[in-house]
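Any read-out appearing in this document is the output of simple, stated calculations on the displayed coordinates, not a laboratory observation. What you are looking at is a predicted structure, and each value in this text was computed from that prediction instead of being measured. For neighbour counting, all protein chains shown are included, and Cβ atoms are generated from backbone atoms with ideal geometry for every residue, glycine included.
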Amino acid sequence: GFIRNKLIEVYGKCGSAKDAREVFDGTSPKDSFSWDFMLTAYTRNRNVEEAEKLFQEMPEKNLFSWNVMLAAYAQSGYVLRTMETFNRMPQRDVVSWNTVVTFYARNGNLEQARALLKDMPERDLVSWKAVIAVYAQEGHLAEVKILFDEMPGWDLVVWTTAVALYARNKRIVEAREMFDTMPERDMISWTSLITAYARKGYMKEAKDMFEDIPERDLILWTGMLVGYAENRLFTEAEEAFRRMPERNMVSWTAMIVGYAEAGRLDMAKSFFDRMPEADLVSWTAMVVAYARNGNLAESINLFIQMPERDSVSWTAMVVVTAQTGELEETKRIYDAMPEKTLASSTAMLAACGCSGKINEAEIIFESMPVVD
RNA sequence: UCUUGGGAGGAG
């Protein structure tokens with residue numbers, strides 16, 4: 001009972017849905033915790049298809065399970081299933097509403113998200129922060145300012161978002177001033193500003209703060225590494241990679257992407273080959289690396305070889321083939337997708353348009369889900 | 001019950 005559930009939970013967290021499933025299958029009787037742990041094990045490992053299967057088999061679905069499934073669809077960018085699930089839920093709470101308003105912000109526009117924010121029957125500070133975060137990540141300074149003024153109160157999270165937003169807009173003096181005047185700071189606020197500096201090319205500022213900070217965790221190290229790599233400072237990136245106390249998938253993949261974007265496919269491949277184990281993200285990075293460096297055949301080859309595919313890898317494949325003008329290939333992949341995302345449909349639409357296939361473009365357009 | 005929100009890796 002309790003112990004077996006704990007095991008499912010632990011395996012799920014450690015990234016092994018398979019092990020969790022083994023324990024789950026051997027658990028009898030299963031209570032609602034067993035089912036929920038198994039469900040989150042799948043969603044945390046980005047396995048939406050298996051999560052969906054499990055969800056359908058669940059003898060009783062509580063609000064928590066519905067919310068988990070809703071979040072899984074929303075994070076995968078599945079418009080239809082997200083809306084359908086939200087509409088079918090027997091009850092909704094503030095978490096369900098927040099999941100949906102975040103989804104709107106990511107896939108619609110600011111006006112829609114703001115309208116929903118005002119009409120939602122339940123809202124809390126998270127709702128505001130969720131919408132703000134999406135726009136801050138995209139760097140929309142003017143729009144976020146409106147929301148900053150409208151929201152009921154500021155806390156550490158909002159301050160941190162604001163600081164990062166200014167830094168991403170290269171307003172580094174203001175960002176630093178805000179950072180210095182904010183009422184409290186934690187590890188995330190430090191990392192947020194440092195990585196924003198680094199990624200905008202202010203490596204001197206980033207490095208100085210990095211040296212000043214009392215403790216450095218894996219995320220901060222990786223942030224610096226990404227900054228170096230994005231600014232093509234590979235000597236420094238490699239040095240950070242060696243010096244960091246530990247490395248995870250993110251560190252390895254950051255090196256792969258950094259080299260690939262600089263056109264150094266051989267270096268990217270060598271990091272991929274040396275990874276202790278590759279995950280979905282690193283596989284996708286490598287698939288895209290080949291395509292963007294002119295080797296579509298090998299890209300498709302890897303795509304077929306990869307142990308699993310999710311909505312991002314499918315979308316990536318549609319986009320890269322569309323960009324190389326391989327319309328037939330693009331269409332094959334697009335048709336094979338388990339569920340279309342807005343990004344994949346947009347790419348497919350553009351590909352048809354560019355090749356003068358107006359009728360086909362129209363069919364795709366009509367089939368595209370509308371977020372409203 | 002780390003289901004939604006601020007810091008690091010894949011498409012957009």
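Okay, here's what the table says:
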{"item": "Distance histogram for the stretch A:263-305 (every C-alpha pair counted, 5 angstrom bins, percent rounded to whole numbers)", "result": "6, 24, 34, 27, 8, 0"}
{"item": "All-pairs alpha carbon distance profile, chain A, 20 Å steps from 0, percent", "result": "23, 58, 19, 0"}
{"item": "Neighbour-count ranking [beta-carbon atoms within 10 angstrom, fewest first] of A:Phe64, A:Phe241", "result": "A:Phe64, A:Phe241"}
{"item": "Descending principal axes extents, the stretch A:47-154, alpha-carbon based, whole Å", "result": "47, 24, 20"}
{"item": "For A:Glu177, A:Glu52, A:Glu360, order by how many other beta-carbon atoms lie within 10 Å, fewest first", "result": "A:Glu177, A:Glu360, A:Glu52"}
{"item": "Dipole in debye (nearest 20) - chain A, about Cα centre, beta carbon charges: Lys, Arg +1; Asp, Glu -1", "result": "320 debye"}
{"item": "The stretch A:53-98: proportion of alpha-carbon pairs further apart than 14 angstrom, %", "result": "44 percent"}
{"item": "Sorted by Cβ density within 10 Å, fewest first, the residues A:Met337, A:Met348", "result": "A:Met337, A:Met348"}
{"item": "Hull-based mean projected area of the stretch A:3-71, where the convex hull spans the alpha carbons, in square nanometres", "result": "3.9 nm²"}
{"item": "Percent of Cα pairs exceeding the 20 Å cut-off, where the set is the stretch A:117-214", "result": "36 percent"}
{"item": "Largest-first principal axis extents of the Cα set of the stretch A:229-330 (Å)", "result": "46, 25, 18"}
{"item": "Column: log10 I(q)/I(0), Debye, Cα scatterers of the stretch A:309-356, q = 0.20, 0.31, 0.32 Å⁻¹", "result": "-0.51, -1.21, -1.28"}
{"item": "Taking all pairs of distinct alpha-carbon atoms in the stretch A:110-162, Kirkwood radius in angstrom", "result": "11.1 Å"}
